[in-house]
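Taken together, the values in this text are just the output of simple stated rules run on the coordinates, not laboratory data. Just so it is clear, the structure is predicted and the values come from calculations on it, not from any experiment. Positions of Cβ are backbone-derived with ideal geometry, glycine not excepted, and every protein chain shown enters the neighbour counts.
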Amino acid sequence: MYGLKQRLIDNLAGMNEAKCQVESGRPNKAAVALVISDADDPKLTLCVKASHLRKHAGEVSLPGGKQEHLDQDLLSTALRELKEETGILLDPSNCVGSLPALESLHRLQVTPFVFWADSPQKGIPGDSEIARIFQLPLSFLVDTPPHLDLSENRTRSPEMMPRWHYRGEVIWGLTGLILRDFLEQGLGCQLKLLGFRDAKL
């Protein structure tokens, strides 16, 4: 699977000039970590938010969060949040690139960073906001066509939102959009779709 790692590096090469620096007066920036681990059977690390949260309770998410003033850049934010939420300790050398930032419903500019680790990185919840962590096989993501939801709650215009179901977990919303970009831009896959329905996402 080292060919997969090189494909990610090659495909993300033109996107690695992400706006990573801390910008004063811009508290609306965040970063998430797409951790691909286990070279023999690549998997993606995903979190499930705790049920007591006021927002996003029980939702599947990528490790990540808002940029803090002590973070050197958004890559540092992604690494810090990854450690805090999952206990997974990586460093900048594990980063193979980044994806374009997306805006969340709460007007956060979220930059996804893609990390590669040859050994399995299962993680354990290290934050009260995280109920559990699971590993999504990359083969499932590539081979399973998502459902398509029509969201009318995005900031600019209605948008088609991919939604996957995996072992009782529903992967959708901003996380679904980021995984769509990862598949299309990181892996060079054309997203296959099962159809769409209207949704208030």
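State the antiparallel share, in %, of DSSP beta bridges confined to the stretch 2-199, rounding to the nearest 5.
Restricted to the stretch 2-199, the bridges split so that about 70 percent are antiparallel.
Obtain the nm distance between the two label points defined at GLU103 and LYS66 by a simple spin-label model: each point lies 7 Å from its Cα along the Cα-to-C-beta direction.
1.8 nm
Check the straight Cα-Cα distances from LYS192 and name the aspartates and glutamates below 20 Å, setting aside those fewer than 8 residues away within the same chain.
Reachable aspartates and glutamates: ASP143, ASP149, GLU159, GLU169, ASP181, GLU184.
Pairs of Cα atoms under 8 Å, at least six residues apart: use those to get the relative contact order of the stretch 2-199, whole percent. Walk me through the numbers before you get to the answer.
Values: 411 pairs, mean separation 47.8, N = 198.
Result for the stretch 2-199 is 24 percent.
Would you mind calculating the gained length between ASP91 and GLU159 on full extension (0.36 nm times residue separation, minus the Cα-Cα distance), in nm to one decimal?
On the way: separation 68, 0.36 × 68 = 24.48 nm, distance 3.44 nm.
Between ASP91 and GLU159, full extension yields 21.0 nm more.
Would you please state the base-10 log of I(q)/I(0) at q = 0.10 1/Å for the stretch 2-199, with intensities from the Debye formula using one equal scatterer on every alpha carbon?
-0.38
How much length is gained on full extension from ARG132 to ASP118, taking 0.36 nm per residue of separation minus their Cα-Cα distance?
So the extension gain works out to 2.8 nm.
Given Cβ point charges of +1 (Lys, Arg) and -1 (Asp, Glu) and nothing else, what value in debye, to the nearest 20, does the dipole of the stretch 2-199 about its Cα centre take?
Values: 22 positive and 26 negative charges, 89 e Å.
That gives a dipole near 420 debye.
Just to be sure I understand the model, the point goes 7 Å from the Cα along the line to the Cβ. What's the resulting ASP40 to GLN6 distance in nm?
2.2 nm
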